[in-house]
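The values are calculated or read from the model by the stated rules, or taken from the named source; none is laboratory data. All values reported here derive from a predicted model rather than from experimental measurement. Cβ coordinates were reconstructed from backbone atoms using ideal geometry, including for glycine residues, and neighbour counts include every protein chain displayed.
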Amino acid sequence: MKVYLSNVICVDGKDWKVVCDSTNSKFYPLIFYSHAHSDHIPRKIPSTEIITSSTTEMLVKHFASSFEGASFFQEYSMNGTSFVQKPSGHIVGSTALVINSSEGKLVYTGDVSIRDKGFLEPFKPEKCDTLIIESTFGSPNYEFPNYSQIISETKEEIRKYLEDDIPVVLMGYPLGKAQMLYHAFSDLTDLNIMHESNFKINNLLLSRNIKGSIPAISYQNAEEKKILEEKKNWILYAPLRSGRNEFNMYMRNKYDAKLFAFSGWCISSNYKFRMNVDHGIPISDHADFSELIEICEKCDPDSIYTIYGSNIKFAAELQRRGFNAYPLSKQTILESYFHKDKARS
Ligand SMILES: [Zn+2]
């Protein structure tokens, strides 16, 4: 089995090949899409065999301009090698890929989280020979606070605003972060209102009864019916944008709304000021540094390849801790071969 980067992340076995999270529309015989974030899927889905979860398939079909020739599989096997998906805990529908072959066992995490957020099954690390792991927050300065504690503190702040008839705008990416916010805060009011981009994705998930979706009113509908003026104890969910953004300035000027930004990057102290928001809450759908280390320790692999974000720094940290780790970057093509005695069927 070898792992290398050639525009896309490739894993080659003796008689099979799979590419992971290819963002171009080029044909490959077998593609795995870990989740439906735009930096993990192409606009045009190639006519080929695709391993992905049913939720990601639905989202991919929603976002893609074409997908007609594609065949989707939730499980896949070829020449005695099995390709199995496991929850990766990142966003709705996200999965890691576990490849079991006579050449060994490989785990590709995609974007990953082991935190329990209450509506998503967290990633469960498992022993493997090779681990390909994301490293978005793979630097020791990225440590997030306890999830349930920061959620309950933030919930109190929001509750106080709503009790004083001050509405709030909760901002996070409409796919991923938004579902975390709905799950955590929607019981604070009967007036859960969504910006159009949140509303569309929420409706899609709600139509399939997927956890993390909630009944909500669209912002357009709320404006037309003057709901926002009648009552002030509403929550508006919107994409993450600066307080200087025209829409956010309007929300502040017209409704005295307070702006909350939810992002892992809020752990850097100047983020809140840079974003010109009232509150910056450091929660993320990615693992922080300690969690990435924990995943590596529990998987206990012979080789680790780091991808995305701080991948060079994270590989160096792993090497310092005695792991055989390499950054899988565009400049480097690395190959890994399993030892015969490590082979499993
Ligand atoms: Zn992602």
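For this structure, a couple of remarks:
- Looking across segment 27-43, the residues that are of a type outside the set (Asp, Glu), modelled with pLDDT under 95 and surrounded by fewer than 20 Cβ atoms within 10 Å (Cβ to Cβ) come down to Ser38, Arg43.
- Given (1) touching a residue at least 40 places away in the same chain (Cβ under 8 Å); (2) in contact with a strand residue (DSSP E or B) (Cβ under 9 Å, 6 or more places away or on another chain); (3) not in a strand (DSSP E or B), index of the condition Ile9 fails: (3)
Here's the yes/no breakdown for (1) under 25 Å from the mean Cα position of the chain (by Cα); (2) surrounded by fewer than 14 Cβ atoms within 10 Å (Cβ to Cβ):
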{"position": "Ile151", "(1), (2)": "yes, no"}
{"position": "Val169", "(1), (2)": "yes, no"}
{"position": "Tyr182", "(1), (2)": "yes, no"}
{"position": "Asp187", "(1), (2)": "yes, yes"}
{"position": "Asp190", "(1), (2)": "no, yes"}
{"position": "Ile227", "(1), (2)": "no, no"}
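- Filter pass, Ser38 being among the hydroxyl-bearing types (Ser, Thr, Tyr) and touching a strand residue (DSSP E or B) at 6+ places or on another chain (Cβ under 9 Å): no
- Inter-residue pairs, beta-carbon under 6 Å, first under 23 Å from Asp39 (Cβ atoms) and in segment 107-132, second among the aromatic types (Phe, Trp, Tyr) and within 15 Å of the ligand (Cβ to nearest atom), 6+ apart: Val112/Phe123; Ile114/Phe123; Ile132/Tyr108
- Set Ile50, Ile41: member being touching a Phe, Trp or Tyr at 6+ places or on another chain (Cβ under 6 Å) and within 18 Å of Ile201 (Cα to Cα): Ile41
- Residue check, Asp111 among the acidic types (Asp, Glu) and within 16 Å of the ligand (Cβ to nearest atom): yes
- Test result for Leu97, buried (at least 16 other Cβ atoms within 10 Å of the Cβ), part of a helix (DSSP H, G or I) and either within 16 Å of the ligand (Cβ to nearest atom) or not assigned by TED's automatic domain parsing to the domain that holds Asp300 (or both): no
- Reported count of residues in segment 160-195, each being in contact with a helix residue (DSSP H, G or I) (Cβ under 8 Å, 6 or more places away or on another chain) and within 16 Å of the ligand (Cβ to nearest atom), is 5.
- Whichever residue in segment 48-69 is farther than 25 Å from Asn100 by Cα and outside any helix (DSSP H, G or I) and, among such residues, is nearest to the ligand (Cβ to nearest atom): Ala64
- For segment 22-38, a tally of residues being within 16 Å of the ligand (Cβ to nearest atom), in contact with an Asp or Glu (Cβ under 8 Å, 6 or more places away or on another chain) and either in a loop (DSSP other than H, G, I, E, B) or of a type in the set (D, E, K, R) (or both) returns 5.
- A single entry from Val107, Val84 fulfils the requirement of being surrounded by fewer than 19 Cβ atoms within 10 Å (Cβ to Cβ), more than 14 Å from the chain's Cα centre (by Cα), assigned to a strand (DSSP E or B) and not charged (D, E, K, R): Val84.
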